[in-house]
Amino acid sequence: MLLAHRSVILRILVFGPGAKMRYPKGSYEAALARKRREIRDALVADGHEVAFPEDLKSAIRDPKLSVHLWEHGLVLDYDMIVNLVGTPGAVDEIGLLQRRSVAPKSALFFLKKHIGGLPYSHAQTIERLGASLHVFTRNDLRRCHLMTAISDMVDRVRLGKYLDP
């Protein structure tokens, strides 16, 4: 009974560099986009419903609805949000996580050399609202460090959803 919460399937949204974009070979953006796909694949293998927002855009039916407002609705609908901050879109999407109802189910990841700027300061504020904030290095992209942090959060969110469906 102690592990019953592990049967809970989560809906997880993963922001980050466009998975289908072409980045210069060996670039940080290419490595981060690859890591984003690996994270999605690992979470799907664990049984979760995982989405990249850009793959869901065809669901926008109202031509007057901006993508920004649509993404606000997405973060409310999903159980957990991961943001691999490293490209302009992912930086902008930090602002989607600043609600008290969204921050605790959010994990933000920043490259160590990017932690001095305004986006990181914004993320620190969101962390104070309950988000999980992580700093990583390029070497971490080759290892499982990001996935370990995400797996820990998945376990926490699953437990919360199990105890308070």
(Q) Please determine whether any residue of the range 69-76 is out of contact with any helix residue (DSSP H, G or I) (no Cβ under 9 Å at 6 or more places or on another chain), farther than 18 Å from LEU10 by Cα and not basic (Lys, Arg). (A) yes
Q: Note down all Cβ pairs under 9 Å where the first residue falls in the range 67-81 and is without any contact (Cβ under 8 Å) to a residue 40 or more places away in the chain and farther than 20 Å from TYR162 by Cβ, the second is of a type in the set (A, V, I, L, M) and assigned to a helix (DSSP H, G or I), and they're at least six residues apart or on different chains.
A: HIS68/LEU96; TRP70/LEU56; TRP70/ALA59; GLU71/LEU96; HIS72/LEU96
Q.
Looking at the range 43-67 only, could you name the residues that are aliphatic (A, V, I, L, M), surrounded by fewer than 16 Cβ atoms within 10 Å (Cβ to Cβ) and assigned to a helix (DSSP H, G or I)?
A. VAL44, ALA45, LEU56, ALA59, VAL67
Q: Identify all residues within the range 97-146 that are in a helix (DSSP H, G or I), surrounded by 14 or more Cβ atoms within 10 Å (Cβ to Cβ) and touching a residue at least 60 places away in the same chain (Cβ under 8 Å); write none if there are none.
A: LEU141, LEU146
Q: Residues being within 29 Å of GLY26 (Cα to Cα) and acidic (Asp, Glu): count how many of those fall in the range 120-151.
A: 1
**Q.** Matching entry among GLY73, GLY26, GLY47, GLY18 (being among the small types (Gly, Ala, Ser) and in contact with a Gly (Cβ under 9 Å, 6 or more places away or on another chain))
**A.** GLY18
Q. Quick check, is GLY16 on the phi > 0 side of the Ramachandran plot, at pLDDT 85 or above and touching a Lys or Arg at 6+ places or on another chain (Cβ under 6 Å)?
A. yes
Q: List every residue pair whose Cβ atoms lie under 6 Å apart, where the two residues are 6 or more positions apart in sequence or sit on different chains, the first residue falls within the range 13-35 and is among the aromatic types (Phe, Trp, Tyr), and the second residue, located anywhere, is part of a helix (DSSP H, G or I).
A: PHE15/ALA90; PHE15/GLU93; TYR23/GLU29; TYR23/ALA30
(Q) Going through ALA90, ALA103, ALA123 one at a time, which residue ends up being in contact with a Gly (Cβ under 7 Å, 6 or more places away or on another chain) and at pLDDT 95 or above? (A) ALA103
Q: Scan the range 26-41 residue by residue and report those that are surrounded by fewer than 19 Cβ atoms within 10 Å (Cβ to Cβ) and either under 20 Å from THR137 (Cβ atoms) or under 13 Å from the mean Cα position of the chain (by Cα) (or both).
A: GLY26, SER27, TYR28, GLU29, ALA30, ALA31, ARG34, ARG37, GLU38
**Q.** Qualifying positions in the range 147-165 - assigned to a helix (DSSP H, G or I), under 19 Å from ARG100 (Cα atoms) and free of Cβ contacts under 8 Å to residues at least 60 places away in the same chain
**A.** ARG156, GLY160
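The values are calculated or read from the model by the stated rules, or taken from the named source; none is laboratory data. Note that this is a predicted model, so its numbers are computed, not measured. Note that each Cβ is placed from the backbone with ideal geometry, even for glycine, and that neighbours are counted across all protein chains shown.
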